[in-house]
Amino acid sequence: MLRTVITATAALGLAAGCAPDTSAPVKVSALVLNSNGEYAPQEVELRTITDIVGLKGTVADLHGGARIVLDPEDQDLATAETPESFAAALLKGEGHDVKASYIDQGGVLWPADFHTWNMVTTYYSLERAFDYFQNVGNIPAADFKKPVTTYYFPEFVLKQVDKNPMRDNALYFSVMEAFMVLPFDQLQRAPLAINAGIIAHEYSHRVFNLKVYNGAAFPQALSLWSATNPSPGANILKSFDEGLADYHAYGTTCRSTKGCDTRFLGTSFDGAYEQLAAARDLSVTNRCMTATLYNQLYGQGLDEFGQGGKEYQVGTLIASALYQAGENTGQREVLMRAVVAAYNDPDPQKPGLFQLSQQYLNNQSQFTLAVAAGAIISHVTDLRLKEAVCNELMDHLQIPRDSLVGTGNPHLCPASATPGTTCPVLNTRG
Ligand SMILES: [Zn+2]
């Protein structure tokens, strides 16, 4: 589909593009997933844009042509003393403001070249994710801080991994408080910039950072915990970050034209990458914590745990368990809101993930799956939903019942909660 669109826009591009002087809301055409599962031009409204040519608004600020290098041997990085100077040292080339070009067709701005299609669609997806967290997640607008710098097609080099710039990825880079949408190479069916679910996944990392890491460029608990081996607390934080990013990305798809899509990675990752999409499909009901994964979660350091993407495996267990609880009780958005509320809550009766990680800062072995799951459970008020969340998490993550139900303080799950029987019982503690 995208190829057709590119051809069509190349033809349109022959006409002179204009630089309209407009302010929000602006009607534009973006590439949106339609009910046939294809990305096609659709008229949408950008409600937060302040500069349609530079693609700046209150949600994001797109920036082109930057060069960002993370090299362990870089002296500028080694001598950086603050998060700000570290971020500045990473940026080897500042790049420039982007310049989108449009053709006005009856009050709707049509992107006049490929990159404008890509960039407008990226901004639109970021705005939809922001809207989800504001309205479903109930996060006040002021909490989102400044518009997020979004590096569009930067040269991003991770020297430890590859001397060449990375491709085919989109990421939230907390160190720079920025999104990156990297150039594509293999993933041409729907580049990640176009995939709204993937952009929402990255936006969710931003929100997780703002709330669970209190907006820190170098999150305290994660930095401290990952410096030791094993690092169960760090592994659990990472797993929640990934799993909940998929869960919220799914939530944003439910507000889109196509409707709820548990397999939103599938439109980008087809062919050889299809397994990746299938492995994270939230609707799979029989995913279980295995003894091996459990031992790795509690017994490995973060580097080793991250090899092979085990944080995604645990994350998918969390996300699909929550998915089932929300769908089976018909309370999808209620649960999504409770999950966001669980990120940061100073109430000692129901501490958030941030508060719990601070509480166990010097003893990460106390920050167990049960404790982290407990933050979510304590933010669910409806009894039937709470019971469903408890049952699914106990079953799929193999959290022992007595760590969630019982005489302990607080009573996280109701006495009526009993783990589902989808998964074989592991002999675990924690
Ligand atoms: Zn992620």
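The values are calculated or read from the model by the stated rules, or taken from the named source; none is laboratory data. Not measured: the values here are computed from a predicted model. Neighbour counts are summed over all protein chains in view; Cβ atoms, including those assigned to glycine, are modelled from backbone coordinates with ideal geometry. To get the accessible areas, we keep the full protein, side chains included, count just its heavy atoms, and leave off ligands, DNA and RNA. Shrake-Rupley method; radii C 1.70, N 1.55, O 1.52, S 1.80 Å.
What about Phe208, is it over 24 Å from Thr122 (Cβ atoms), of a type in the set (Phe, Trp, Tyr) and in a helix (DSSP H, G or I)?
Details: over 24 Å from Thr122 (Cβ atoms): no; of a type in the set (Phe, Trp, Tyr): yes; in a helix (DSSP H, G or I): yes.
So Phe208 fails the test.
Can you say whether Asp261 is of a type in the set (Asp, Glu), away from the ligand (no atom under 15 Å from the Cβ) and open to solvent by 10 Å² or more (accessible area, probe 1.4 Å), as far as the supplied structure shows?
Considered against the rule, which asks whether it is of a type in the set (Asp, Glu), away from the ligand (no atom under 15 Å from the Cβ) and open to solvent by 10 Å² or more (accessible area, probe 1.4 Å), Asp261 comes out as yes.
With the structure loaded, tell me whether Ala87 is open to solvent by less than 40 Å² (accessible area, probe 1.4 Å), closer than 21 Å to Gln220 by Cα and over 23 Å from the mean Cα position of the chain (by Cα) or whether it fails that test.
no
Quick one: in region 289-318, of everything that is farther than 16 Å from Gly420 by Cβ and of a type in the set (A, V, I, L, M, F, W, C), which residue is most open to solvent (accessible area, probe 1.4 Å)?
Ala291
In region 319-342, what residues are crowded, with 24+ Cβ neighbours inside 10 Å and in a loop (DSSP other than H, G, I, E, B)?
Selection gives Ala342 alone.
For the subset of region 223-252 comprising residues that are polar (S, T, N, Q) and surrounded by fewer than 22 Cβ atoms within 10 Å (Cβ to Cβ), which member is nearest to the ligand (Cβ to nearest atom)?
Here the residue is Ser226.
Taking strands (runs of 3 or more DSSP E) that fall entirely within region 105-193, which contain at least 3 residues that are farther than 22 Å from His205 by Cα and out of contact with any Leu (no Cβ under 7 Å at 6 or more places or on another chain)? Steps first, please.
Values: elements: 108-111, 148-152, 155-158, 170-173, 178-181.
Correct list: 108-111.
Any chance region 284-300 includes a residue that's within 16 Å of the ligand (Cβ to nearest atom) and farther than 24 Å from Cys413 by Cα?
no
Within region 151-175, which residues are crowded, with 21+ Cβ neighbours inside 10 Å, at negative phi and away from the ligand (no atom under 16 Å from the Cβ)?
Matches in region 151-175: Tyr151, Tyr152, Pro154.
Filter region 110-150 for residues that are buried (at least 24 other Cβ atoms within 10 Å of the Cβ) and among the aliphatic types (A, V, I, L, M); which is nearest to Ala178 (Cα to Cα)?
Among those residues, the one meeting the criterion is Leu126.
Please go through (1) more than 27 Å from Gln134 (Cα to Cα); (2) free of Cβ contacts under 8 Å to residues at least 60 places away in the same chain for Leu361 and return the number of the only condition it doesn't satisfy.
Failed condition: (2).
Looking only at residues that are within 12 Å of Phe144 (Cα to Cα) and within 14 Å of the ligand (Cβ to nearest atom) in region 193-217, which one is surrounded by the fewest Cβ atoms within 10 Å (Cβ to Cβ)?
Step one: filter region 193-217 for residues within 12 Å of Phe144 (Cα to Cα), giving 203-204, 206-211, 214-215.
Next cut, within 14 Å of the ligand (Cβ to nearest atom) only: 203-204, 206-209.
Values: Tyr203: 28, Ser204: 26, Arg206: 25, Val207: 23, Phe208: 25, Asn209: 20.
Going through the qualifying residues, I end up with Asn209.
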